[in-house]
Amino acid sequence: MIGTRSKTNYILKKHNYRAKKKFGQNFLVEPNIIKKMVEQINEDSVIIEIGAGLGAITQAAALKAKQVIAYEIDTELVEILNDNLKEYRNIEIINEDFLKADLDKISDSYGQKVIVVSNLPYYITTYLLTKVLLSSDKIDRIIAMMQKEVADRFTRKEKGKDYNALQVMAEYYCDIKTLTKVSKNNFIPVPKVDSEILIFEIKENYQKVEDEKLLFDIVKACFSQRRKMILTNLNNNGFNIDKQELLDFGVDPASRVEHLELQDYIKIYSMIRQQL
Ligand code: SAM
């Protein structure tokens with residue numbers, strides 16, 4: 001199997017390849033962690049992997065799933081991947097920046113919801129999760145490894161200083177739980193920080209609003225200057241909100257983002273929609 005220390009070292013040496021920092025390359029070399037990730041997959045699953053690397057997760061996923069579509073931005077790695085995974089008929093490797101990929105098109109072409117799996121390149125974790133969540137009606141779940149500190153924000157109850165708009169969005173779409181913590185020593189090269197794998201399970205019956213873009217624009221506006229009152233933030237970001245009306249909808253205009261719950265954003269949304 002690819003996802004072991006000895007095999008990874010062998011592949012790196014064979015291809016005279018050095019991990020690139022600019023693409024956030026840290027290769028997972030602990031089979032037990034990979035096993036836990038693929039336990040979430042079954043034989044009918046269609047998997048989209050973001051950032052296949054040397055193919056450690058790709059290979060393990062292909063042994064269980066119906067199909068794996070693996071994105072890798074680094075052309076040099078794609079050559080190595082093609083070599084490592086040539087025996088697998090159910091893997092499609094796509095040399096593309098996943099941020100530019102059309103996720104809806106892929107899931108439509110398989111006629112089923114997909115499972116997104118990724119040991120996320122840390123430098124674009126937020127962008128990638130945002131993109132995937134915006135296609136959540138095509139997704140069954142997201143199994144994502146990320147920096148432990150980032151994962152903590154999604155799982156802890158209290159809203160810290162780093163509470164952000166993506167968390168509100170994730171709460172809207174998903175039930176989130178920890179699969180496992182992962183020590184930094186399980187990667188080559190060893191990163192600076194430990195990791196954690198989260199499962200974002202898309203809720204079957206979430207309280208879907210008609211215009212999700214508007215809802216997230218409202219959330220982003222409220223977060224634009226987090227120490228300011230939400231009334232100020234909304235009005236500074238193109239909304240025209242009346243203080244009393246906001247109160248009538250049950251939201252305190254003087255609150256800051258750390259006081260708001262998902263339901264409050266939905267109330268603000270309902271108020272704005274009513275005025276359109
Ligand atoms: N999945 C492999 C593993 O677990 O060993 C590699 C994980 S490594 C943390 C992240 C991988 O994502 C790298 O191979 C990197 O080249 C790739 N990557 C970075 N940015 C990407 C992007 N925008 N689209 C697709 N792949 C990307």
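Only residues that are within 19 Å of the chain's Cα centre (by Cα) and small (Gly, Ala, Ser): list them for region 77-119, please.
101, 107, 118
Among residues belonging to region 60-104 that are more than 15 Å from the ligand (Cβ to nearest atom) and in contact with a Lys or Arg (Cβ under 7 Å, 6 or more places away or on another chain), point out the one that is modelled with the highest pLDDT.
Across region 60-104, the extreme among qualifying residues is 90.
For residue 215, all conditions in the list (1) at pLDDT 95 or above; (2) closer than 26 Å to residue 238 by Cβ; (3) in contact with a strand residue (DSSP E or B) (Cβ under 7 Å, 6 or more places away or on another chain) hold save one; what is the number of the exception?
The number of the failed condition is (3).
Give the residues of region 189-216 that are without any contact (Cβ under 8 Å) to a residue 12 or more places away in the chain and over 24 Å from residue 267 (Cα atoms), sorted by residue number. Give the derivation first.
Going through region 189-216, the residues without any contact (Cβ under 8 Å) to a residue 12 or more places away in the chain turn out to be 192, 204-205, 208, 213.
Selection gives 192 alone.
Examine region 15-31 for a residue that is without any contact (Cβ under 8 Å) to a residue 60 or more places away in the chain and closer than 15 Å to residue 61 by Cβ, and state whether such a residue exists.
yes
Just to be sure I understand the filter: pairs with C-beta atoms under 7 Å, separated by 6 or more residues or on different chains, first member in region 237-252 and closer than 15 Å to residue 273 by Cα, second member in a loop (DSSP other than H, G, I, E, B). Which pairs pass?
Taking only residues 6 or more apart or on different chains, the pairs are 246/253.
Does residue 126 meet the test of being more than 9 Å from the ligand (Cβ to nearest atom), of a type in the set (S, T, N, Q) and exposed (fewer than 14 other Cβ atoms within 10 Å of the Cβ)?
Details: more than 9 Å from the ligand (Cβ to nearest atom): yes; of a type in the set (S, T, N, Q): yes; exposed (fewer than 14 other Cβ atoms within 10 Å of the Cβ): no.
Judged against the criteria, residue 126 is not a match.
For residue 52, are the conditions met, namely being among the small types (Gly, Ala, Ser) and under 17 Å from residue 141 (Cα atoms)?
Values: among the small types (Gly, Ala, Ser): yes; under 17 Å from residue 141 (Cα atoms): no.
Taking the combined requirement at face value, the residue does not satisfy it.
Restricting to region 3-19, count the residues that are touching a helix residue (DSSP H, G or I) at 6+ places or on another chain (Cβ under 8 Å) and away from the ligand (no atom under 13 Å from the Cβ).
Number satisfying all stated conditions: 1.
Can you tell me which residues in region 253-269 are free of Cβ contacts under 8 Å to residues at least 40 places away in the same chain and among the hydroxyl-bearing types (Ser, Thr, Tyr)?
Across region 253-269, the qualifying residue is only 255.
When region 21-74 is examined, which residues are found to be more than 23 Å from residue 106 (Cα to Cα), touching a helix residue (DSSP H, G or I) at 6+ places or on another chain (Cβ under 6 Å) and among the charged types (D, E, K, R)?
Once the filter is applied, which keeps residues that are more than 23 Å from residue 106 (Cα to Cα), touching a helix residue (DSSP H, G or I) at 6+ places or on another chain (Cβ under 6 Å) and among the charged types (D, E, K, R), region 21-74 yields only 30.
Can we say residue 142 is over 20 Å from the mean Cα position of the chain (by Cα) and β-branched (Val, Ile, Thr)? Outline the logic, then answer.
Numbers: over 20 Å from the mean Cα position of the chain (by Cα): no; β-branched (Val, Ile, Thr): yes.
Here the answer is no, as residue 142 does not meet what is asked.
Take the residues in region 20-53 that are more than 20 Å from the chain's Cα centre (by Cα) and near the ligand (Cβ under 8 Å from one of its atoms); name whichever of them is farthest from residue 183 (Cα to Cα).
20
Look at residue 194 and say whether it is closer than 17 Å to residue 216 by Cβ and surrounded by fewer than 20 Cβ atoms within 10 Å (Cβ to Cβ). It would help to see each step written out before you state the result.
Details: closer than 17 Å to residue 216 by Cβ: no; surrounded by fewer than 20 Cβ atoms within 10 Å (Cβ to Cβ): yes.
Spelling it out, it is not the case that residue 194 is closer than 17 Å to residue 216 by Cβ and surrounded by fewer than 20 Cβ atoms within 10 Å (Cβ to Cβ).
The values are calculated or read from the model by the stated rules, or taken from the named source; none is laboratory data. For clarity, every value in this text was computed on a predicted model and none was experimentally measured. Cβ: placed from backbone, ideal geometry, glycine included. Neighbour counts: every protein chain shown.
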